[in-house]
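The values are calculated or read from the model by the stated rules, or taken from the named source; none is laboratory data. Not measured: the values here are computed from a predicted model. Heads up, the Cβs are rebuilt from the backbone with ideal geometry, glycines too, and the neighbour counts pull from every protein chain shown. Surface accessibility is based on the protein's heavy atoms, side chains included, excluding ligands, DNA and RNA. Shrake-Rupley method; radii C 1.70, N 1.55, O 1.52, S 1.80 Å.
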Amino acid sequence: MSIANVAPALKPADYKSDTTPIWCPGCGDYHVLLSFTRAFARLGLPPEEIVVVSGIGCSSRIPAYTNCYGFHGVHGRSLALAAGLKVARPDLTVVVASGDGDGYSIGGNHFLHACRRNVDMTYVVMDNHIYGMTKGQPSPTTEPEFDTALSPGGTGLRPFHPLVIALASGANFVARCFSGELNQTTDVLVEAIQHPGFSFVEILSPCVTFRPDERAWKQLVHPAPVAATNDPGKAARRIMTDDGFNIGILYRGDRSPYQPPIGMATIDLSELEKEFER
Ligand SMILES: Cc1ncc(C[n+]2csc(CCOP(=O)(O)OP(=O)(O)O)c2C)c(N)n1
Ligand code: SF4
Ligand SMILES: [Mg+2]
């Protein structure tokens with residue numbers, strides 16, 4: 001093989017766009033972006049074969065900061081968009097980025113059905129237990145006693161348990177990460193992208209502006225004490241009873257990914273374009 005034919009290896013910087021992130025200094029999402037670019041480089045995927053899809057929120061700004069194809073969609077609808085894209089273009093690697101408000105509140109119903117459908121894509125939720133972009137309203141993962149001017153005395157509401165909900169709904173890969181653990185988050189993303197079917201990765205990513213208390217997460221996280229299982233019952237029991245801070249791959253399933261029904265008309269994208277032009 002001639003050396004001239006060997007494509008140079010891509011580096012994480014090759015997946016970054018020229019757009020400078022406008023996240024607050026210290027926001028956990030900076031590290032999530034780094035994990036994305038490192039994972040893409042490790043997988044050696046050409047940027048034009050990756051699509052990063054998102055909804056709305058600070059976390060959902062991430063497609064603009066990568067050099068891949070991107071779609072900054074409407075609030076809570078990223079999964080519907082991404083599923084359609086992956087079914088039409090199975091050759092592309094589809095990674096969806098969301099936040100706890102975008103993904104579990106307005107997009108909650110789509111989350112359930114995306115897990116159930118098991119389309120081969122990776123769903124990353126940057127969970128900071130708050131609506132960061134709109135200045136600190138409680139989200140479905142905010143602690144009931146979290147007391148602010150926007151939720152005086154706390155909401156008193158039991159938080160949502162995204163990992164158990166994902167498992168019960170049929171996600172084929174479930175992991176929890178912490179943005180500050182860059183190497184581990186990169187390793188998990190590489191596996192999540194490679195795993196067939198719907199992979200769900202919840203990344204605890206502190207909002208230093210509206211949840212300065214989350215700086216303490218760095219001291220609270222610890223590696224999951226047991227290896228990932230392929231038994232959803234066992235995984236659910238472990239996740240239900242853990243302290244919410246064990247990180248790593250918690251479930252690797254073996255369901256076959258969604259395949260469009262045999263005989264389904266193939267989509268002629270040029271025809272679709274003509275429809276839009278009318
Ligand atoms: C239909 C609609 N409703 C409400 C909003 C306002 N809004 C923008 S971002 C957001 C919450 C984002 O929270 P989260 O997904 O947790 O992202 P974060 O900013 O914390 O990363 C809301 C309610 C909107 N843009 N569109
Ligand atoms: S408001 Fe919070 S989530 Fe948004 S950029 Fe600032 S620190 Fe990050
Ligand atoms: Mg949030």
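Name the residues whose placed amide hydrogens come within less than 5 Å of the amide hydrogen of ARG211, ignoring near sequence neighbours (fewer than 5 apart) on the same chain. Result for ARG211 returns nothing. Evaluating 6.51 cos²θ - 1.76 cosθ + 1.60 at θ = phi - 60° for every residue in the range 28-45, the Karplus couplings come out as x, 5, 4, 6, 5, 4, 4, 5, 4, 5, 5, 5, 4, 5, 4, 6, x, 7 Hz, glycine and proline recorded as x. Considering only ASN230, ASN246, ASN128, the Gaussian network model of the chain with Cα springs below 10 Å gives its largest mean-square fluctuation to ASN230.
Specify whether the C-alpha gyration tensor of the range 167-278 places it in the rounded, prolate or oblate class, a ≥ b ≥ c being the square roots of the eigenvalues: rounded for a/c under 1.5, otherwise prolate if a/b is larger than b/c and oblate if not.
Details: a/c = 2.99, a/b = 1.64, b/c = 1.83.
The shape class here is oblate.
On full extension, the segment bounded by LEU272 and ASP231 gains 10.5 nm, given 0.36 nm per residue less the C-alpha separation. Since only CYS58, VAL119, THR134 are under comparison, the one whose Cα sits farthest along the positive direction of the charge dipole of the range 1-139, derived from C-beta charges on Lys, Arg, Asp and Glu, is VAL119. Would you give the gap between the C-alpha center of the range 1-68 and the C-alpha center of the range 225-278, rounded to a whole Å? Centre-to-centre (Cα) distance: 22 Å.
Near the amide H of HIS129, within less than 5 Å, lie the amide hydrogens of ASP100, all on another chain or at least 5 residues away, with H placed in the peptide plane.
Taking a ≥ b ≥ c as the square roots of the Cα gyration tensor eigenvalues, with a/c under 1.5 meaning rounded and otherwise prolate when a/b beats b/c, else oblate, which class fits the range 1-152? Since a/c reaches 1.5 but b/c is at least a/b, the shape of the range 1-152 is classed as oblate. Counting only alpha carbon atoms, the long axis of helix 108-117 and the longest principal axis of the chain meet at about 50°. Put ILE130, ILE165 in order of accessible area, highest first, and with a 1.4 Å probe you get ILE165, ILE130. Amide H contacts of VAL96 (H built 1.01 Å from N, in plane; Pro and chain starts excluded): VAL53, THR122, TYR123, VAL124 sit under 5 Å, all sequence-distant by 5 or more or on other chains.
Would you please give the FRET efficiency between LEU150 and ILE106, computed as 1/(1 + (r/R0)^6) with r the Cβ-Cβ distance and R0 = 22 Å, to the nearest 0.05? Before the final figure, lay out each step's value.
Values: r = 17 Å, r/R0 = 0.78.
That gives a FRET efficiency of 0.80.
When a/c is below 1.5 the answer is rounded, else prolate if a/b is larger than b/c, else oblate, so apply that to the chain with a ≥ b ≥ c taken from the square roots of the Cα gyration tensor eigenvalues. Taking the square roots of the gyration eigenvalues as a ≥ b ≥ c, the chain is rounded. With a cut-off of 13 Å between beta carbons, the residues surrounding PRO257 carry a summed charge of +2, where Lys and Arg count +1 and Asp and Glu -1.
What size of dipole, in debye to the nearest 20, comes out for the range 32-148 about its Cα centre when the only charges are +1 on Lys and Arg C-beta atoms and -1 on Asp and Glu C-beta atoms? Please list the in-between numbers first.
Details: 9 positive and 10 negative charges, 72 e Å.
Taking the Cα centre of the range 32-148 as origin, the dipole is about 340 debye.
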